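Right, one structure below, let's go through it.
The values are calculated or read from the model by the stated rules, or taken from the named source; none is laboratory data. Here the structure is a predicted model, which is why all the values come from computation and not from measurement. Cβ sites come from the backbone with ideal geometry, for glycine too, and all protein chains shown count toward neighbours.
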């Protein structure tokens, strides 16, 4: 026993080294879990305050772009609303109301205070949190497309897993053909993303639109993801190798909308009852 | 001694602020990152205890991780650098040894020695960091490219900082 203690004491720095590295490795693995409840990231009050100060300085340089982008989005939305109203009148559906379905999604607008595109695992910090109704697992979109999912929240801030994160998957659909696949980033170019699991019999065209499928109740269906930029079919592959051009320029992200799905609980509990616990 | 301690504590926070407010936003060619905070661990006094060094490295890495949303990664890489540092210092001792109470800096030991000292340690830090982030060797060559370009960038900034602070130290 004494020898053992002496041995440990003689190599104490090596054992401390091992201990610290194991602790770090555990933290890394723990942080890889989708939706962790950690506070040691930029949703941390102090860190978020420092970052939002520096972001507010940087923001002055892009105010013009942000304004014009928001103005364009407003006009597009107004036009859409008008068209929709006309359509409803024409079909005499104006009085049709199913509150649960109409209010299926709530939108919470938030400002991006921290964003990266150059790592393999990119995250986005926003200035809305638990107080504003943001919870882990919610979807985030912008005017031009999918942004990501909420990973962890503090009282006033939240961290999103960006779509540009090699761990993030989004169920998507090819608009023209109606085939389902999964969108996942390969970690290289922040403008391109992979579409996986499209079977080889599907005939693709360059420029086909990819949207979210709405199959996982996180994203509403029909949110724009991107268009097909290139595709190829290897001799023995089961699936196409498809590259999409992202509709969202992640380098310029300034505002996002968090989507609260009011029916998610109902869908989840129904699926759990019939299919069983998710694995 | 006490004065040195205070200088080190102040520069600890300075390194963190420079890293998260300034250098975090600077990425060259989409592949070259600058992790200047490694220099803080490299510049601590030569005879500092390895255990203490590792604990400081852990705290520094952990703080950087909070701002990078990468819990554990920077801490892991930096603790490794802190562990290897003293062994490496002992291996490359210049003739006549180190002066007591000094830090292994550029001004104390010259450019050539400093490059031999810092280059492998910074490279190890970057390799660990990028490969842990990539979670494996799937993107091996791209990750290697990232490590090497970042190594050049970090070293350049580190040398610039050293040259800028030399005169003040001598006074």
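The table for this structure:
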{"item": "Residue within segment B:53-61 that is within 26 Å of residue A:58 (Cβ to Cβ) and modelled with pLDDT of 85 or more present", "result": "yes"}
{"item": "Flag for residue A:137 being in a strand (DSSP E or B), more than 14 Å from chain B (Cβ to nearest Cβ) and out of contact with any helix residue (DSSP H, G or I) (no Cβ under 7 Å at 6 or more places or on another chain)", "result": "no"}
{"item": "Odd one out for residue B:89, checked against (1) within 11 Å of chain A (Cβ to nearest Cβ); (2) within 23 Å of residue A:12 (Cα to Cα); (3) touching a residue at least 24 places away in the same chain (Cβ under 8 Å)", "result": "(1)"}
{"item": "Filtered residues of segment B:55-97 (kept if part of a loop (DSSP other than H, G, I, E, B) and surrounded by 19 or more Cβ atoms within 10 Å (Cβ to Cβ))", "result": "B:69, B:70, B:71, B:72"}
{"item": "Residues being out of contact with any helix residue (DSSP H, G or I) (no Cβ under 7 Å at 6 or more places or on another chain) and more than 10 Å from chain A (Cβ to nearest Cβ) - total across segment B:30-44", "result": "1"}
{"item": "Breaking point among (1) part of a helix (DSSP H, G or I); (2) at the interface with another protein chain (Cβ under 10 Å from one of its Cβ atoms); (3) out of contact with any helix residue (DSSP H, G or I) (no Cβ under 8 Å at 6 or more places or on another chain), for residue B:21", "result": "(3)"}
{"item": "Odd one out for residue A:14 among (1) surrounded by 14 or more Cβ atoms within 10 Å (Cβ to Cβ); (2) within 13 Å of chain B (Cβ to nearest Cβ); (3) in contact with a helix residue (DSSP H, G or I) (Cβ under 9 Å, 6 or more places away or on another chain)", "result": "(1)"}
{"item": "Test: residue in segment A:56-79 that is in contact with a helix residue (DSSP H, G or I) (Cβ under 8 Å, 6 or more places away or on another chain), modelled with pLDDT under 80, within 11 Å of chain B (Cβ to nearest Cβ) and part of a helix (DSSP H, G or I)", "result": "yes"}
{"item": "Scope segment B:114-140; condition more than 11 Å from chain A (Cβ to nearest Cβ) and surrounded by fewer than 21 Cβ atoms within 10 Å (Cβ to Cβ); matching residues", "result": "B:114, B:115, B:116, B:119, B:120, B:121, B:123, B:124, B:127, B:137, B:140"}
{"item": "Test result for residue B:56, under 18 Å from residue A:120 (Cα atoms) and within 14 Å of the chain's Cα centre (by Cα)", "result": "no"}
{"item": "Single unsatisfied condition, residue B:8 versus (1) in contact with a helix residue (DSSP H, G or I) (Cβ under 7 Å, 6 or more places away or on another chain); (2) more than 9 Å from chain A (Cβ to nearest Cβ); (3) crowded, with 16+ Cβ neighbours inside 10 Å", "result": "(1)"}
